[in-house]
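Contents: one structure, followed by commentary.
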């Protein structure tokens, strides 16, 4: 992966790009006047992370660019701030101050919702195993600015970690996190979920393992939560109780931990 800037960047943006490259162990390449395609041709790496003054963008030639943005997570976050219910948070039985481990962060929309409801007393950790997605998410969480101060504060509170979830879970003590959450890539994609399509080229598409769920049960104090297609066989295979929601295409499966 190459990390660069837009054309004619201000010094602060260059500093951020250099710092992120050092943090992720990747290459910082000054942009100069080179197009993304010329960068690929010259340096032989097709994943280009571009740091801009008001955006962070992951570009791979031939596919739509991905820009960090909470997307529907921002809409849902505003509803939560108004006191409206959210199906994911209700399924998780989350309360302000709870700690959450989001094992499949993606672009961080669900981590944001946990951080918004959790408030300043909560601890939300977002795991991402893909290095390009981790870099995009890490930089975006630090610098993205929305029109809501509380949303911005929630983004800054999220701890982003580059790790595969089973390895990370194995390193945690028993009952050390209130909620462990999984939103793996669906085994059969929703055909109308175009927003997810760009993620698939970077995301870990492996099925969630029984060993991973067993580790999650060991680590969780309250709830292990799984997001999947409604009526997916994954709920039964992995021991989750599916919470059907009328005609909704997405369901949440829960494992409640009895202390």
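Read the figures in this text as sums done on the coordinates, not as results from a lab. What you see is a predicted model; the values in this text were computed from it and never measured. Ideal geometry is used to build each Cβ from the backbone, glycine not excepted, and the neighbour counts take in all protein chains shown.
Annotations for the structure displayed:
- Cα shape, region 1-113, gyration tensor, a/c 1.5 rule: prolate
- Rounded to the nearest 10 degrees, the inclination of helix 11-24 to the longest alpha-carbon principal axis of the chain is 60 degrees.
- Axis of helix 210-219 versus longest Cα principal axis of the chain: the two differ by about 80°, to the nearest ten degrees.
- Using the average count of surrounding beta-carbon atoms within 10 Å as a protection proxy, the listed peptides 230-236, 133-139 rank, highest first, as 133-139, 230-236.
- Relative contact order (%) - criterion: Cα under 8 Å, at least six apart; region: region 2-67: 35 percent
- Region 2-67 shape via C-alpha gyration tensor axes, a/c threshold 1.5: rounded
- Calculated from the structure at hand, Kirkwood radius over Cα pairs in Å is found among (1) 17.9; (2) 21.3; (3) 19.1 as (3).
- Crossing angle, helix 72-81 versus the chain [Cα axis fit, 0-90 degrees, rounded to tens]: 60 degrees
- Computed over the chain with a Gaussian network model linking Cα atoms closer than 10 Å, the most mobile of 46, 67, 84 is 84.
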